[in-house]
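The values are calculated or read from the model by the stated rules, or taken from the named source; none is laboratory data. Model, not experiment: these values are computed from the prediction. Cβ placement follows ideal geometry from the backbone for every residue including glycine, while neighbour counts extend to all protein chains displayed. Remember, those area values only see protein heavy atoms, side chains included, never the ligands or the DNA or RNA. Shrake-Rupley method; radii C 1.70, N 1.55, O 1.52, S 1.80 Å.
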Amino acid sequence: MDLTSSETEILQGEYGPVKQKAMEILVALGEIFEADKLIEISMAQISGVSYKTIGDAGIRWLEFMSSERVVVTTTLNPAGMDLRLWKQMGVSEKFASKQLDIIEYYIRLGAKPICSCAPYLSDHSPKLREHIAWSESSAVCYANSVLGARTNREGGPSALASAIIGKTANYGYHLDENRKPTLKIDVDVQLHEESDFGAIGSYVGEIVSNGVPYFKGIKNPNADGLKSLAAALAASGGVAMYHVEGTTPEASSADVRGLEELSFTSNELTSTYEKLSTLKSGKIDVVAIGCPHASLNEMKKVAEFLKGKKVDKNTKLWVFTAVGTKLMAERFGYLGTILKAGGEVYTDCCMVVAPVEEFGFKTMAVNSAKAAVYGPSTSKVDVIFGTTGRCLEIAVKGHA
Ligand code: F3S
């Protein structure tokens, strides 16, 4: 890989050990993936924020790195708890203290303590062709596909390295040739709910693996559906980019001639809902909405459903969103309605990276295919995967 003279100096340690380590990471990745050079990025988004996922080794790494500062706008992935309401969630003092240390290191690094997996819903939305270094897989898939920005699926350390240097290696989804479709999916069923988009994403993700699916036949999807699609594709496969005919910015120039075709009908839709549910009925301990973090529109939907109703006293309804969205939901009255019904709204975190073991939950209902995939494995809970309406009905009844 060709390095400029200043990049070489950083690599040789002339700007200190932290920048040197960051440059070593970028150069190592560039060499593995045969990048020709480093390119500038406009923003970074870093995973590896929850104490549950990075542990003490991660804290030591951040302590070392935090003597430098990031040089581009940098936000964070969800932490393991609401940074303000963690006691209400039931998070232990021990976990909270470690989690707050992690956030403190990121603040010292100059990152914005906006812990959200959907930074594109706030002020941090990149534009078409903008090169970025994001690490949350669902956000990466959304940024490449829906926004037309360019990012690989960075790991936490490589996103941090990019944030400190302001560059990334020029390979993968930064290059036109890797953004071409590899499989065409003929969608022969109407997708109405966000969870329908999650179901198709989960089904196709398993088949296409780390390829680039091209969807034909999805009619007028909204941003929430595309967000669910991105999360599910990235969770069940390694998908970092998709096209939707007539919708996503690079679909019209994509060449689909000669591609293998797959069809997705109501049969596959129904069977994916069934497959992702490890539980059919019974008492539900928690209903979780907001994976990826709920948009204002999703908060509105939850509030409208709950108006005049009460969440069952033995079931929790937890809605996860970003700080800015919660503030907007408060202004519009959605937050008040959800809280009045007995729901709880948390920011900065989510069910998957929170220490769910500490909460004693055994059963969960979710409207997110990604949460349905990760719930049983990372949080050791049985899940029901359903539409937002079904999940909210369960929250009110207390059981499925
Ligand atoms: Fe976001 Fe957590 Fe889901 S990070 S995409 S809410 S698993």
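Estimate the FRET efficiency between K313 and E357 by the formula 1/(1 + (r/R0)^6), using the beta-carbon distance for r and 30 Å for R0, to the nearest 0.05.
The pair K313/E357 has a calculated efficiency of 0.85.
Against the empirical 2.2 N^0.38 Å scaling, what ratio does the C-alpha Rg of the chain come to?
0.98
Taking a temperature of 37 °C and a viscosity of 0.692 mPa s, what whole-number D in µm²/s does Stokes-Einstein yield for the range 180-275 with Rh from Kirkwood over alpha carbon pairs?
255 µm²/s
Taking the chain as a Gaussian network, where each spring joins two C-alpha atoms under 10 Å apart, which residue of N367, N210, N152 fluctuates the most?
For the chain, modelled as a Gaussian network with Cα springs under 10 Å, the answer is N210.
So how much slack lies between K87 and V71, counting 0.36 nm per residue of separation and subtracting their Cα-Cα distance, in nm?
2.4 nm
Considering only protein heavy atoms, what per residue accessible area in square angstrom results for the range 5-176 with a 1.4 angstrom probe?
About 40 Å² of surface per residue is accessible.
From the phi angles alone, apply the Karplus equation (6.51, -1.76, 1.60; θ = phi - 60°) to the range 346-356 and give each ³J(HN,Hα) in whole Hz, x where the residue is Gly or Pro.
Computed from phi, the couplings for the range 346-356 are 10, 10, 6, 8, 7, 4, 6, 9, 7, x, 4 Hz.
Compute, for D176, the solvent-accessible surface of its heavy atoms (probe 1.4 Å) with the complete set of protein chains present, and express it in square angstrom to the nearest 10.
90 Å²
For the range 114-226, what's the radius of gyration and Dmax over Cα atoms, in angstrom?
Computed over the Cα atoms of the range 114-226, radius of gyration and Dmax are 14.8, 46 Å.
Quick check on the chain: helices-only [θ] at 222 nm, where DSSP H runs of length 4 and up contribute -39,500 (n - 2.57) each and the sum goes over total residues. Nearest 500, please.
Taken over the chain, the calculation gives -12500 deg cm²/dmol.
Full extension from Q20 to F332: what is 0.36 nm times the residue separation minus their Cα-Cα distance, to one decimal in nm?
Working it through step by step, the gained length comes to 107.6 nm.
How large, in Å, is the range 1-92 by the Kirkwood hydrodynamic radius built from its alpha-carbon pairs?
Value: 15.5 Å, from the Cα pair sum.
Run the Debye formula on the Cα coordinates of the range 2-153, all scatterers equal and no solvent, and tell me log10 I(q)/I(0) at q = 0.14 1/Å.
Debye intensities relative to I(0), on a log10 scale: -0.76.
Once phi is turned into θ = phi - 60°, what whole-Hz ³J(HN,Hα) does the Karplus curve with 6.51, -1.76 and 1.60 give for every residue of the range 64-75, x standing for Gly and Pro?
Coupling constants for the range 64-75: 5, 5, 7, 8, 10, 10, 6, 10, 10, 4, 10, 10 Hz.
Starting from the 7 Å offset along Cα-to-Cβ, what nm value, one decimal, do you get for the label separation of K112 and K219?
If labels sit at K112 and K219, their model points lie 3.8 nm apart.
With viscosity set to 1.002 mPa s at 20 °C, what whole-number translational diffusion coefficient in µm²/s follows for the range 167-209 from Stokes-Einstein and a Kirkwood radius over Cα pairs?
This corresponds to a translational diffusion coefficient of 167 µm²/s.
Whole-Å semi-axes of the range 277-397's equivalent ellipsoid, largest first, each the root of 5 times a Cα gyration tensor eigenvalue?
Ellipsoid semi-axes (Å, largest first): 22, 16, 12.
Order F64, F385, F332, most accessible first, counting only protein heavy atoms with a 1.4 angstrom probe.
From most exposed to least exposed: F332, F64, F385.
Could you look at the chain and say what percent of its accessible area is carbon and sulfur, using a 1.4 Å probe and all protein chains?
50 percent
Computed FRET efficiency, Cβ-Cβ of S6 and L100, R0 41 Å: what is it to the nearest 0.05?
0.70
Applying the Karplus parametrisation 6.51 cos²θ - 1.76 cosθ + 1.60 with θ = phi - 60° to the phi angles of the range 40-52, what ³J(HN,Hα) value in whole Hz is obtained for each residue in order, glycine and proline being reported as x?
Residue by residue, the range 40-52 yields 6, 10, 9, 7, 9, 9, 10, 8, x, 10, 6, 4, 4 Hz.
How many angstrom separate the Cα center of the range 301-358 from the Cα center of the range 77-101?
When both Cα centres are located, 17 Å separates them.
Report, ordered by chain and residue number, the lysines lying within cross-link reach of K98, taken as a straight Cα distance under 20 Å and ignoring same-chain residues fewer than 8 apart.
Candidates past the 8-residue exclusion: K52, K87, K112.
Enumerate the amide H contacts of I185 below 5 Å, restricted to partners 5 or more residues apart or on another chain; note that Pro and chain-start residues carry no placed amide H.
Amide H neighbours of I185, under 5 Å, 5+ apart: Y214, F215, K216, L262.
Longer than 20 Å from Cα to Cα, which of K340/K397; K219/K280; K21/K167 are they? Say none if no pair is.
K219/K280
Compute the distance in nm between two label points, each set 7 Å from the Cα along the Cα-to-Cβ direction, one at T278 and one at N210.
Here the answer is 2.6 nm between the modelled labels.
Could you compute the net charge surrounding A303? Neighbours are other residues with a C-beta less than 13 Å from the C-beta of A303; K and R count +1, D and E count -1.
Surrounding charge for A303 is +4.
For the range 180-275, what is the accessible area per residue in Å² when the probe is 1.4 Å?
Value returned for the range 180-275: 42 Å² of accessible area per residue.
Just to confirm a number: summing +1 for Lys and Arg and -1 for Asp and Glu over residues other than T4 whose beta-carbon lies under 15 angstrom from that of T4, what do you get?
-3
At a Förster distance of 22 Å, what's the computed FRET efficiency of I32 paired with A254, Cβ-Cβ distance as r, to 0.05?
Approximately 0.20, to the nearest 0.05.
Would you kindly find the accessible area of L38, with a 1.4 Å probe and non-protein molecules such as ligands, DNA and RNA excluded, rounding to the nearest 10 Å²?
L38 has an accessible surface of roughly 20 Å² with all protein chains in place.
Taking H placed 1.01 Å from N in the peptide plane, check which residues at least 5 places from H399 or on another chain put their amide H under 5 Å from its amide H.
I284
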